[in-house]
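Scroll down for the structure; my scribbles are underneath it.
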Amino acid sequence: MKDETKSISVGRGDSQHYGSVNMPVYHTSTILFPRLQDLRNRASTPYRYGRSGTPTSTALEEAITALENAAGCVITPSGLSAVTIAILSVAKSGDHILVADSVYTPTRRFCDTTLRQMGVEAQYYDPLIGADIATHIRPNTSLIFTESPGSHTFEVQDIPALCAVAKQHNIKTAIDNTWGSCINFKPFAHGLDISATAATKYIVGHSDALLGVITANAETIEAVRDIHRQLGICAAPDDIYLALRGLRTLPTRLEKHETTALAIAQWLQGLSFVRRVLFPALPDAQGHDLWKRDFEGAAGLFSIELDPCTEAQLAAMLDDMAHFSMGYSWGGYESLIVPCAINRSINPDRFDTGGQYLRLNIGLENKDDLIADLQDGFARAGY
Ligand SMILES: *Cc1c(COP(=O)(O)O)cnc(C)c1O
């Protein structure tokens, strides 16, 4: 079954819900057991307590498990909690973990504060390192954490090469797969053990809920479930429902995001004051070959580097955009634009070029309207 079909047919359960097309939202803390025997042996219901699951959460878990070809899934209340629980399922006091230098900034902050306080040492590595990751491995290395493409700069990592080295050393591997969004990158086919995704972005897709999902292979899923259960990190049923609803149109929306983003990125490449377009779907972009080899498609999120400009020029552009709004997050139906600062500890000169970086989330609007909006904005900025 292809993803468009899977995303429509998995996690519905209509035969158990009076023919209702959609999975109902189960609001419950308490599950009742009619008899002592049912309480003892779970004969009357597979559920135990609201925190550990309801038919609504099971439906989303099954759908995400099917889309990512995983062994199982847990749901968390945000993308960041999916990332932190994924890391905590492996990292123990005394461990050393390797983290891509291009990770989402709050992931980095977690590694540098909470993990450090727990006695876990996070070492950052060049996301372009590939098989040379072997040079950083120590006897106590337990995890290689990846994010591909990386936040803001969109470096594509050689995931199969990293996973091959990890397997030789019996080290777990994890990815923040938010850009790949369960559809465009299949983590377990490329050798990863754990995948964390901010469902907040494309899966929910309408900028109206925060949610995270973690999937894992058969050898790793129980460790993920265990820490998830212990920490009591569960998501609200209405938000899970919004993710199930978003999922039905996910492959279809992603196709449109990709087509429009590619057209806009190509238009941007032709402008004299655009120094770089950081988008691996572009044929001449850094990482294009790996992207082509490993990904099924692209998200509508990329960055550009412009010739330097003043804060006043930038404000003249961004304050009066017609269709692009300013806001963090991405993956919704609406286009967004934000200036971004790139902080790298490894090879900082790769991006420390004095240019003005902007990150664009290409929404579902018409491509020509978006190009006209950017063109007017650049003119206001004096480009
Ligand atoms: C947004 C984002 C997250 C965090 O998701 P939230 O739901 O906002 O907590 C994690 N990783 C990446 C790459 C993101 O873009």
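The values are calculated or read from the model by the stated rules, or taken from the named source; none is laboratory data. Remember, predicted model here, so these are calculated numbers, not experimental data. Here Cβ is always computed from backbone atoms with ideal geometry, including for glycine, and neighbour counts include all displayed protein chains. Each accessible area value is taken on the protein alone, full model and side chains, heavy atoms only, with ligands, DNA and RNA left out. Shrake-Rupley method; radii C 1.70, N 1.55, O 1.52, S 1.80 Å.
If you go through region 171-191 one residue at a time, do you hit one that is under 15 Å from residue 82 (Cα atoms), open to solvent by 10 Å² or more (accessible area, probe 1.4 Å) and not in a loop (DSSP other than H, G, I, E, B)?
yes
Checking the structure you have, find out if any residue of region 34-46 is more than 16 Å from the ligand (Cβ to nearest atom), within 22 Å of residue 161 (Cα to Cα) and open to solvent by 50 Å² or more (accessible area, probe 1.4 Å).
No, the conditions are met nowhere in region 34-46.
It is to be established whether one or more residues within region 115-130 are surrounded by fewer than 20 Cβ atoms within 10 Å (Cβ to Cβ), within 17 Å of residue 192 (Cβ to Cβ) and in contact (Cβ under 8 Å) with a residue 24 or more places away in the chain.
Yes, some residue in region 115-130 is surrounded by fewer than 20 Cβ atoms within 10 Å (Cβ to Cβ), within 17 Å of residue 192 (Cβ to Cβ) and in contact (Cβ under 8 Å) with a residue 24 or more places away in the chain.
Only one of 305, 296 is open to solvent by less than 10 Å² (accessible area, probe 1.4 Å) and on the phi < 0 side of the Ramachandran plot. Can you tell me which?
Result of the check over 305, 296: 305.
Can you pull out every residue in region 102-158 that is in a loop (DSSP other than H, G, I, E, B) and either assigned by TED's automatic domain parsing to the domain that holds residue 344 or farther than 28 Å from residue 292 by Cβ (or both)?
Within region 102-158, 118, 119, 120, 137, 138, 139, 140 qualify.
Looking at residue 84, is it within 16 Å of the ligand (Cβ to nearest atom) and either over 19 Å from the mean Cα position of the chain (by Cα) or open to solvent by 10 Å² or more (accessible area, probe 1.4 Å) (or both)?
Working: within 16 Å of the ligand (Cβ to nearest atom): yes; either over 19 Å from the mean Cα position of the chain (by Cα) or open to solvent by 10 Å² or more (accessible area, probe 1.4 Å) (or both): yes.
So residue 84 fits the description; yes.
Picking from 337, 371, which residue would you name as being of a type in the set (Val, Ile, Thr), away from the ligand (no atom under 16 Å from the Cβ) and more than 20 Å from residue 126 (Cβ to Cβ)?
When all the criteria are applied, what remains is 371.
Filter region 65-81 down to residues that are away from the ligand (no atom under 16 Å from the Cβ), small (Gly, Ala, Ser), part of a loop (DSSP other than H, G, I, E, B) and surrounded by fewer than 22 Cβ atoms within 10 Å (Cβ to Cβ), then give me how many there are.
Residues flagged as away from the ligand (no atom under 16 Å from the Cβ), small (Gly, Ala, Ser), part of a loop (DSSP other than H, G, I, E, B) and surrounded by fewer than 22 Cβ atoms within 10 Å (Cβ to Cβ) within region 65-81 amount to 1.
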